[in-house]
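Here's the structure we're looking at; comments come further down.
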Amino acid sequence: MSQQNVEVVRAAFESWNAGDMEALREPLAPEVTLRPVEDWPEPGPYEGRDAVMRWLGQLRDTWDADALEATSDFIDATDRVIVRFTWRGVGHGPQSDMEFTGVWTVRKGKVRGIEFFWDHAEALEAAGLRE
């Protein structure tokens, strides 16, 4: 089951990079919760599929073009998937290259939670792992 969870998260990256917000929405559970990184301007949490998609849509509108690039393997941790990635954006101002670690909670093919961290070790700890 956990390799399927990795594929759900990998597909989310592909959907984001393709600009396919409907495909990104599809695996989100109705009760999904998203927590941005600490000190993010809009701190959240965002609860429910519609709120999460609104927040993601606002991020998408920040730049003319953007992409997510995994900088680590997708780590399978039972019902969690952890990956370090860079979010690159261009347009509407200075180019941006932000690095995060995301922890996705996936059960029965649906994303139940998404949490972002600046610090990779902190993300691993939140997922019950150690570096």
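The values are calculated or read from the model by the stated rules, or taken from the named source; none is laboratory data. The structure presented is a predicted model; accordingly, all values stated were derived computationally and were not measured. Using ideal geometry, Cβ is built from the backbone for each residue, glycine included, and neighbour counts are taken over all protein chains shown.
From (1) more than 16 Å from residue 8 (Cα to Cα); (2) not in a loop (DSSP other than H, G, I, E, B), pick out the condition that doesn't hold for residue 81. The failed condition is (1).
Within region 74-98, being loosely packed, with under 14 Cβ neighbours inside 10 Å and either modelled with pLDDT of 95 or more or touching a Lys or Arg at 6+ places or on another chain (Cβ under 9 Å) (or both) holds for 95, 97, 98.
Can you say whether residue 29 is aliphatic (A, V, I, L, M) and either at positive phi or free of Cβ contacts under 8 Å to residues at least 12 places away in the same chain (or both), as far as the supplied structure shows? Spell out the reasoning first.
Working: aliphatic (A, V, I, L, M): yes; either at positive phi or free of Cβ contacts under 8 Å to residues at least 12 places away in the same chain (or both): no.
Taking the combined requirement at face value, the residue does not satisfy it.
Contact map, region 71-93: residues that are within 20 Å of residue 33 (Cβ to Cβ) paired with residues that are of a type in the set (Lys, Arg), Cβ distance under 9 Å, separation 6+ or inter-chain. Pairs shown: 79/107; 79/112; 81/10; 83/10. Does residue 68 meet the test of being in a helix (DSSP H, G or I) and either surrounded by 13 or more Cβ atoms within 10 Å (Cβ to Cβ) or acidic (Asp, Glu) (or both)? Answer is no for this residue.
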